[in-house]
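For reference, the structure discussed in these notes is given below.
Every number in this text was worked out from the coordinates using simple rules, so none of it is lab data. A quick note: this is a predicted structure, and the numbers were derived from the prediction, not measured. Every residue, glycine as well, gets a Cβ built from its backbone with ideal geometry; the counts of neighbours run over all protein chains shown.
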Amino acid sequence: MISKNKLKLINSLAQKRYRAKNKLFLAEGNNLVKDILKSEFEVKVLIGTEIFLESVEGYSSGIAEVIVAQQTEINKASLLSTPQQSIALCTIPDRDSAPPTVIKGLNLCLDGIQDPGNLGTIVRIADWFGIKTIYASKNTADIYNPKAVQATMGAITRVNIFYLELIDLFKGAIEQGIPVYGSFMSGQNIYNSRLKSNGLIVMGNEGNGISSSLAPYMKHKIHIPGLFNDEGNPPDSLNVSMATAIICSEFRREQLKSKE
């Protein structure tokens, strides 16, 4: 049974200040919760129907509190429009500081992404293309927002996200000879660009793009050209998560071509 205090705690985790206060985030949905249970995340409280808990019995032995609940209770506690059979309250890992140097390979940088759904989708895209590290500006949405966690579809267990001052990161990358790519409307056509298998890919805010203070650090400005019909009003831009997917795909395509 889910107590009133537990119900209040679950509801409070929709707000960042309570996530920070309790050092907890919320994961919902059977597949996501199963991914969390199999990962290095620490689950403090696991709530599920009897059937669900039986299905994860091998992964739940070390959890401090396991609550068997009726589906009607879970429906009441859930923040989802279509609740499933499980809810997990997980410890937010200590990632206050990023690695001292840029991790080798291809990495994403997010400058001021505001929508939690976009952020979670970008994490999922990174996972698909084998990108294991994302660096985010401190004004980027919180990855532990329930909507962001949900949108990752489990990728949050495989992709590390660090919040930091991006200028310091870019300076370090340039000193190491690591290319910094930025997505700009005035950038070079990505389909004609020579893309390396290592570097930082910077994606900007949904409305304003990459900050003017960061733009000078991007020596490699790239752009996805629109191939829309000129009749009528053309679209303003691509959704940032869609653009991230296209750009990551092009980088990986270039990498595969070089191995042929």
- Using only the Cα atoms, what convex hull volume per residue in Å³ does the range 4-91 have? 88 Å³
- Simple spin-label estimate for residue 174/residue 79, 7 Å along Cα→Cβ, in nm, reads 3.8 nm
- Note on the structure: For the pair residue 197 and residue 61, the simple spin-label estimate (label points 7 Å beyond Cα toward Cβ) gives in nm 4.1 nm
- Task: Take the alpha carbon atoms of the chain, find their radius of gyration, then divide it by 2.2 N^0.38 Å using N residues; give the quotient.
- Result: 1.12
- Which FRET efficiency value, to the nearest 0.05, is calculated for residue 186 and residue 104 with the Förster distance at 41 angstrom and r the Cβ-Cβ distance? 0.90
- Note on the structure: In order over the range 12-25: 3J(HN,Hα) from phi, Karplus 6.51/-1.76/1.60, θ = phi - 60°, whole Hz, x for each Gly or Pro, gives 5, 6, 6, 9, 4, 5, 7, 5, 5, 5, 8, 6, 9, 10
- Message: Need the full-extension length gain, residue 237 to residue 256, defined as separation in residues times 0.36 nm minus the C-alpha distance. One decimal, nm.
- Response: 4.0 nm
- Query: Efficiency by 1/(1 + (r/R0)^6): what FRET value for residue 15 and residue 94, r their Cβ-Cβ distance, R0 = 25 Å, to the nearest 0.05?
  - Reply: 0.75
- Query: How many nm is it between the label spots at residue 8 and residue 68, if each spot is 7 Å from the Cα in line with the beta carbon?
  - Reply: 2.7 nm
- For the range 106-258, what is Rg from Cα atoms divided by 2.2 N^0.38 Å, rounded to two decimals? 1.00
- Taking placed amide H atoms and a strict 5 Å upper bound, the residues 5 or more places from residue 67 or on another chain that come that close are 46, 47, 48
- Item | Angle between the chain longest axis and helix 166-175 axis [Cα atoms, degrees, rounded to 10] | 50 degrees
- Would you mind telling me the antiparallel percentage of the DSSP bridges in the range 1-118, rounded to 5? 70 percent
- Task: Arrange 53, 119 by Cβ neighbour counts within 10 Å, fewest through most, would you?
- Result: 53, 119
- Here the residues of the range 1-39 lying in the modelled label zone of residue 157, meaning backbone nitrogen under 16 Å from a point 7 Å along Cα-to-Cβ, are 25-39
- Note on the structure: The pairs in 16/219; 16/221; 34/257; 21/221; 104/257; 38/221 lying past 31 Å Cα-Cα in this model are 16/219; 16/221; 34/257; 21/221; 38/221
- Kirkwood Rh, Cα atoms: Rg over Rh of the range 77-184: 1.00
- Message: Helix-only mean residue ellipticity at 222 nm, the chain, DSSP H runs n ≥ 4 weighted -39,500 (n - 2.57), per residue, nearest 500. What is it?
- Response: -9500 deg cm²/dmol
- Message: Over the chain, with a Gaussian network built from C-alpha contacts below 10 Å, which listed residue (48, 112, 187) shows the highest mean-square fluctuation?
- Response: 187
